[in-house]
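The values are calculated or read from the model by the stated rules, or taken from the named source; none is laboratory data. From a predicted model like this one, the values you see are computed outputs, not experimental measurements. Quick reminder, even Gly has a Cβ in these numbers, built from the backbone with ideal geometry, and neighbours come from all protein chains shown.
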């Protein structure tokens with residue numbers, strides 16, 4: 001493989017390790033192992049440092065306008081090409097949990113693309129806005145969260161305010 005391919009693979013691996021270690025930290029916290037949870041969070045942070053370095057070296061961080069355009073393209077590819085195939089395959093295989101997970105993600109990717117488009121159209125408008133994320137399905141809303149998530153039906157209490 002070439003160095004650009006290696007950077008791309010390293011970025012993906014470090015990004016996945018970050019998320020995995022954060023999930024492990026939550027589990028360790030749930031089980032009362034706060035020291036181990038803290039170690040997992042520290043390692044997750046280090047993996048983020050690595051991933052961001054690889055992304056920087058690949059010159060994949062552009063202007064905010066360029067980054068919004070890239071995000072729109074990526075989210076659109078997920079809900080138009082990637083997830084529909086994943087959903088179909090999971091349903092064929094009788095993998096109902098996977099199909100449900102893919103369906104939630106697919107619906108949320110549409111919302112993300114829409115929010116990124118709006119942000120691109122309003123670039124420069126720094127009027128304060130709050131975003132909330134459903135901690136069950138990932139639904140992302142601008143402004144106050146609904147009483148029930150329109151994607152998964154979770155109650156308002158499942159929405160986390162993003163700083």
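Taken as a whole, the structure leaves residue 38 outside the set of residues that are closer than 26 Å to residue 151 by Cβ, outside the structural domain of residue 139 (by TED's automatic domain parsing) and surrounded by fewer than 17 Cβ atoms within 10 Å (Cβ to Cβ).
Residue check: is residue 11 over 23 Å from residue 111 (Cα atoms) and in contact (Cβ under 8 Å) with a residue 40 or more places away in the chain? First the steps, then the outcome.
On the way: over 23 Å from residue 111 (Cα atoms): yes; in contact (Cβ under 8 Å) with a residue 40 or more places away in the chain: yes.
Against the criterion (over 23 Å from residue 111 (Cα atoms) and in contact (Cβ under 8 Å) with a residue 40 or more places away in the chain), residue 11 qualifies.
Inspect region 99-111 for any residue being touching a strand residue (DSSP E or B) at 6+ places or on another chain (Cβ under 8 Å) and surrounded by 13 or more Cβ atoms within 10 Å (Cβ to Cβ) and give the result as yes or no. Within region 99-111, one or more residues are touching a strand residue (DSSP E or B) at 6+ places or on another chain (Cβ under 8 Å) and surrounded by 13 or more Cβ atoms within 10 Å (Cβ to Cβ). Just one residue in the set 91, 107, 47 is within 20 Å of residue 137 (Cα to Cα), assigned to a helix (DSSP H, G or I) and touching a residue at least 12 places away in the same chain (Cβ under 8 Å); that residue is 107. For region 120-149, which positions are out of contact with any helix residue (DSSP H, G or I) (no Cβ under 6 Å at 6 or more places or on another chain) and either part of a helix (DSSP H, G or I) or surrounded by 15 or more Cβ atoms within 10 Å (Cβ to Cβ) (or both)? Within region 120-149, 121, 131, 132, 133, 141, 146, 149 qualify.
If I filter region 78-93 for residues that are under 22 Å from residue 23 (Cα atoms) and outside the structural domain of residue 23 (by TED's automatic domain parsing), do I get at least one hit? Looking through region 78-93, none of the residues is under 22 Å from residue 23 (Cα atoms) and outside the structural domain of residue 23 (by TED's automatic domain parsing).
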